[in-house]
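K.L.:
Have a look at this one before I ask anything.
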Amino acid sequence: MIKITKENLTIVIVTLKSEEVIHQCLQSIPSDIKKIIIENSANQNFTNELEKKYKNIETHLTNENLGMGKANNIGIGKSKTNYVMILNPDTVLRKDTLDTIF
């Protein structure tokens, strides 16, 4: 079994009109962890803003609301790491949350 590290973990977050809550979520994730955002809309301005503001982030638009399950599967498919953690955009991690898995 491969040990989970910051280098082999990607966090996938599916969003839909989550502009007001996602920033707290992203700020609670260490910047050296890869993040994939799947936006269930065609809001290019939102994804551009996220890519400019945060490190190690990749965003993708679905151009329609595919739902959480299908969008999470898209994010998982785009990950290049051994492990994926799925978060909701309104989740805020405590400082020690990820320490328990590393």
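K.L.:
Please list, in chain and number order, the residues 5+ apart from THR15 or on another chain whose amide H is under 5 Å from its amide H, with Hs placed from the backbone.
P.N.:
For THR15, the qualifying residues are ILE38, GLU39, ASN40.
K.L.:
Mind scanning LYS3/LYS35; LYS3/LYS52; LYS70/LYS95 and naming the pairs with a C-alpha gap bigger than 28 Å?
P.N.:
On the way: LYS3/LYS35 19 Å; LYS3/LYS52 31 Å; LYS70/LYS95 30 Å.
Result: LYS3/LYS52; LYS70/LYS95 exceed 28 Å.
K.L.:
Using the charge dipole of the chain (Lys, Arg: +1 at Cβ; Asp, Glu: -1 at Cβ; taken about the Cα centre), state which of ILE29, ILE57, MET1 has its Cα farthest towards the positive end.
P.N.:
It is MET1, whose Cα lies furthest towards the positive end.
K.L.:
What relative contact order, as a whole-number percentage, does the chain give when Cα pairs under 8 Å and 6 or more residues apart are counted?
P.N.:
So the answer I get is 41 percent.
K.L.:
By how many degrees, between 0 and 90 and to the nearest 10, does the Cα long axis of helix 44-53 differ from the longest principal axis of the chain?
P.N.:
30
K.L.:
OK, next. Rounded to the nearest 10 degrees, what's the angle between the helix 68-78 long axis and the longest principal axis of the chain, both from Cα atoms, 0 to 90?
P.N.:
That works out to roughly 60 degrees.
K.L.:
Here is a further query. Can you list the residues, at least 5 places off or on another chain, whose amide H is less than 5 Å from the amide H of GLU58, using H built in the peptide plane?
P.N.:
When sequence neighbours closer than 5 places are left aside, the close amide H contacts are LYS35, ILE36, ILE37.
K.L.:
Dipole size in debye (nearest 20) for the chain around its Cα centre, Lys and Arg Cβ +1, Asp and Glu Cβ -1?
P.N.:
300
K.L.:
OK, next. Which whole-number value in Å² is the accessible area per residue of the chain, probe 1.4 Å?
P.N.:
That works out to 59 Å² per residue.
K.L.:
With N set to the number of residues, divide the alpha-carbon radius of gyration of the chain by 2.2 N^0.38 Å and report two decimals. All intermediate terms of the calculation are to be shown ahead of the outcome.
P.N.:
Working: Rg = 12.9 Å, N = 102, 2.2 N^0.38 = 12.8 Å.
Normalised Cα radius of gyration, the chain: 1.01.
K.L.:
Another one. When the accessible area of the chain is split by element with a 1.4 Å probe, what percent falls to carbon and sulfur?
P.N.:
Details: 2970 of 6070 Å².
Carbon and sulfur together cover 49 percent of it.
The values are calculated or read from the model by the stated rules, or taken from the named source; none is laboratory data. The shown structure was predicted, so the numbers you read here are calculated from the model rather than taken from an experiment. For neighbour counting, all protein chains shown are included, and Cβ atoms are generated from backbone atoms with ideal geometry for every residue, glycine included. We work out accessible area using only protein heavy atoms, side chains counted, and drop any ligands, DNA or RNA first. Shrake-Rupley method; radii C 1.70, N 1.55, O 1.52, S 1.80 Å.
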